[in-house]
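The values are calculated or read from the model by the stated rules, or taken from the named source; none is laboratory data. If you're wondering where the values come from, they're calculated on a predicted model, not measured in any experiment. All Cβ positions, glycine included, derive from the backbone under ideal geometry; neighbour counts span all protein chains shown.
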Amino acid sequence: MPHFENQCFVDEQPPDTESGTALVEKSSRNRRILSLATGSTVAFMLYSFLILEPAGKCFMVEDGSKSLGLTFSYTLQMVQDFFELRTQDQLECYVDFLQIWDVMYAVIYAAMYCFWMMYFFHDRRIFLVVPVLAMVADWAENLVEIMMINSYLESNTISETLVSVGSGLNMIKWMFFGLTYLILAVGIRTKIKSVIRRSKRA
């Protein structure tokens, strides 16, 4: 009989052990994701100030928009003015900026937003689609802008269709950004409320 009782006792232990292990693994996973989110934020800031900003100086002008992608939609006249204010060398530099530096920038900010969403919303991976779609829209807009610049440099004309497509992609990109910021704001608010509740219980 003692042997039977000991056996029962041993059989009842795994659930508690497994539960404790799961909590440890979850805590470790949260710390790892927080480290990735923090690291990607630092990378985003360093890239923005040390690489992206210097790379964009070659096409900057005193007056006018710094970049078409920074406006929420644009018209044919706005694109025309943007191109006419710049020399051929500046426009070619802008093409390089869109093809290389801005593409990498989109990867970095999308990764940063995704890691923070993973930290705030562990079981809602569907949210990760939002910053990824913002990145894709950004890339697509860059491609359209490059096509507009090439057309302008070759024939001094700009397709209204390309302008409409680029402007539409620009608006879609900013809408996804807005949704991204809303999701993160909700996540931060929820996290703060959770911390406050735990502190009150303690």
Of the residues Ser40, Ser48, only one is out of contact with any Ser or Thr (no Cβ under 7 Å at 6 or more places or on another chain), at negative phi and buried (at least 16 other Cβ atoms within 10 Å of the Cβ); which? Ser40
Checked against (1) under 19 Å from the mean Cα position of the chain (by Cα); (2) among the aromatic types (Phe, Trp, Tyr); (3) under 17 Å from Leu162 (Cα atoms); (4) at pLDDT 95 or above, Trp101 satisfies every condition except (3)
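Of all the residues that make up the stretch 54-66, how many are surrounded by 12 or more Cβ atoms within 10 Å (Cβ to Cβ) and touching a residue at least 12 places away in the same chain (Cβ under 8 Å)?
7
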Could we say that Asp89 is out of contact with any helix residue (DSSP H, G or I) (no Cβ under 9 Å at 6 or more places or on another chain) and part of a helix (DSSP H, G or I) here? no
Among what's in the stretch 32-86 and is assigned to a helix (DSSP H, G or I) and basic (Lys, Arg), pick the residue that is nearest to Glu145 (Cα to Cα). Lys57
